[in-house]
Each structure stands twice: as C-alpha cells, then as structure tokens.
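Peer 1: The structure that follows is given in the form of structure tokens.
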Amino acid sequence: MVWLFTHFAERGAGCDPLDEPEHSEVRCPGHMPGIKYPPGAECHIRCSKGHKLDGTHIRICGKDGRWSGESMCIRKYCSNFLQQLGPEFHSLQSQ
C-alpha cells in the first residue's frame with residue numbers, strides 16, 4: 001500500500017481531495033483523508049440531517065485526475081407544510 005501511495009504521489013496521477021459539499025460528510029473507504037487519491041478511488045457523500053442529496057452519491061477518481069459527477073446537499077422542504085402548522089394556524093386564516 002505504501003508503494004502504491006508513493007507511486008501515484010510521485011507521478012502526480014490521481015485526484016486531489018474531494019471538496020466537501022456544504023452540509024455533508026465525505027468518506028473515502030480504504031483511503032486516508034487529505035491525500036491524493038488513485039484513479040478508481042471512490043468517495044461517498046452523505047448529507048447532514050435536514051438536507052437531501054442533489055447529484056451523485058458516489059464520486060470516482062478518474063484517470064484524468066478529476067472526480068466524476070457533481071454533488072450538493074440542499075435543504076429539505078416539507079410538501080405538507082400547512083398541515084404541520086396545526087389547527088391553530090388554520091383557525092387564524094378563517095378569521
């Protein structure tokens with residue numbers, strides 16, 4: 001494993017650490033954080049509570065040194081927002 005890291009680091013191959021999207025956590029199983037990742041390395045994006053993923057859950061380091069796909073975490077909005085406000089809100093509307 002040390003040879004593999006040294007081999008990629010010397011040749012400049014691989015991807016720089018993935019920029020962590022706002023409101024997310026990035027994990028790259030089998031790789032130390034903050035290093036140059038070899039082609040084929042996978043990183044997994046997980047959004048914080050109250051946010052949902054828009055884009056790719058798994059990003060893969062390409063041979064060209066770029067990460068595949070795009071990912072961002074956006075705030076979740078409730079489709080039944082008025083129902084969650086409760087009966088007090090609805091009685092105020094009818095006055």
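Peer 1: Within segment 32-47, can you find the residues that are at pLDDT 90 or above, assigned to a loop (DSSP other than H, G, I, E, B) and more than 15 Å from G69 (Cα to Cα)?
Peer 2: Selection gives K36, P38.
Peer 1: Could you list, in sequence order, the residues of segment 61-75 that are more than 15 Å from D19 (Cβ to Cβ) and either more than 15 Å from the chain's Cα centre (by Cα) or surrounded by 12 or more Cβ atoms within 10 Å (Cβ to Cβ) (or both)?
Peer 2: If the condition is that a residue be more than 15 Å from D19 (Cβ to Cβ) and either more than 15 Å from the chain's Cα centre (by Cα) or surrounded by 12 or more Cβ atoms within 10 Å (Cβ to Cβ) (or both), then G62, K63, D64, I74 are the ones that fit.
Peer 1: Restricting to segment 48-79, name every residue that is on the phi > 0 side of the Ramachandran plot and part of a strand (DSSP E or B).
Peer 2: Across segment 48-79, the qualifying residue is only G55.
Peer 1: With the requirement that a residue be part of a strand (DSSP E or B) and among the charged types (D, E, K, R), what does segment 13-31 give you?
Peer 2: Across segment 13-31, the qualifying residues are E25, R27.
The values are calculated or read from the model by the stated rules, or taken from the named source; none is laboratory data. Fair warning: this is a prediction, and the values are worked out from it, not measured in the lab. Neighbour counts run over all protein chains shown; Cβ positions are idealised from the backbone, glycine included.
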